[in-house]
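**Q** Have a look at this one.
Nothing in this text is a laboratory measurement; each read-out follows from the coordinates by a stated rule. Every value quoted in this text rests on a predicted model; they were computed, and no experiment measured them. Cβ sites come from the backbone with ideal geometry, for glycine too, and all protein chains shown count toward neighbours.
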Amino acid sequence: MFIMEKVSRSFKQCVMKTSVLMNIGHVIIGVIIGYMTYKMSGEGSFIIGMVSIMITLLVVILLETILQPHSNRKMIEDLSSRVNFMTHKIADKLSLTGELIKILKYGHIRIPPGKSSEVWMELLWSMKKKYWGVIYISPKELVQSSIFEHSISIMIAKMKVNMLDVRRVFVLDDEAEYDEIADCILLCLDNDIQTRMIYKKDLYSIHILNDKTAHIKTLDFIIIDDEIIWQTVLDNNRYEKYSEIYFDSNMNETFSDIFRQIWDAASSCKYLSKSLGSAAKF
């Protein structure tokens, strides 16, 4: 209702401004033509003077008659364009609302790769307590996108305002991958984001973690606050196939428990201090 009132008010203001300007223009043109008629007649006849005034009025009326439909049509087209734009915006919001309803009704939604970054950024702005993330996506996909750097900016803001608990664990296949993501790790550390790393083989060597991670879809997941879980399902090359958001406090606690154990395992890895020392050289 508020949006339609705003559109209506904007349209009325536009019509008034345009109408006034056009009327002034019509009068000016009419006066010019009437004056030229008077001058060309020799300026000596009262009748010619009256004729000139009549011509001025006729020109104004004629211009109004000819141009007004075009003006109205143009303003209607502009209004239509604005309404269409706002309709699309409202549709987008309704779509997002519909997706949120799905989360509440069915517990989760699936997001295609092309939309995941946008949705993820929206979730980052909404978080209030914690962000615990395990990153196992391909380093190549991670560094090729600016989304990682943008997310850091949001996390810094939320840490300052909400005292957010932000932790990130990088899971790597081998040492070569560390060189690829060293800048990402350093970016986290430079901004006081708690960051650790662990090799996948070391993670699986821990019996309890091996058992628990065997029952989840992916090693790439995020825990937001007390109810939201984000899972990025990867293909064989560890590129994103799709992502899923779950709205489930029990599932959140299960993943939080897995994260704590991964976090503790990463902190006890013997190569960690050496790796962090190498990162500081970048």
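**Q** Any idea what the dipole of the range 197-263 comes to, in debye rounded to 20, about its Cα centre with Lys/Arg Cβ at +1 and Asp/Glu Cβ at -1?
**A** Details: 7 positive and 12 negative charges, 90 e Å.
The dipole of the range 197-263 has a size of about 440 debye.
**Q** If amide hydrogens are placed 1.01 Å from N in the peptide plane, which non-local residues have theirs closer than 5 Å to the one on PHE170?
**A** ILE135, ARG196, MET197, ILE198
**Q** Which of the residue pairs LYS130/LYS241; LYS140/LYS200; LYS115/LYS241; LYS217/LYS241; LYS128/LYS160; LYS130/LYS158 have a Cα-Cα distance greater than 21 Å in the structure shown? Let's see the in-between values first.
**A** On the way: LYS130/LYS241 26 Å; LYS140/LYS200 17 Å; LYS115/LYS241 12 Å; LYS217/LYS241 12 Å; LYS128/LYS160 11 Å; LYS130/LYS158 10 Å.
Pairs exceeding 21 Å: LYS130/LYS241.
**Q** Could you order the peptides 145-155, 256-266, 204-214, 224-234 from most to least packed, using the average number of other C-beta atoms within 10 Å per residue?
**A** Numbers: 145-155: 14.9, 256-266: 16.8, 204-214: 12.9, 224-234: 19.0.
Packing order, densest peptide first, comes out as 224-234, 256-266, 145-155, 204-214.
**Q** Step through the residues of the range 237-249 one at a time and calculate ³J(HN,Hα) from phi using the Karplus curve (6.51 cos²θ - 1.76 cosθ + 1.60, θ = phi - 60°), rounding each to whole Hz and writing x for Gly and Pro.
**A** Going residue by residue, I get 9, 6, 9, 5, 8, 6, 10, 9, 10, 10, 10, 7, 5 Hz, with x marking Gly and Pro.
**Q** Here's a follow-up. Tell me, rounded to the nearest percent, the portion of alpha carbon pairs in the range 202-242 spaced more than 15 Å apart.
**A** Working: 431 of 820 pairs.
Looking at the range 202-242, the distances longer than 15 Å represent 53 percent of pairs.
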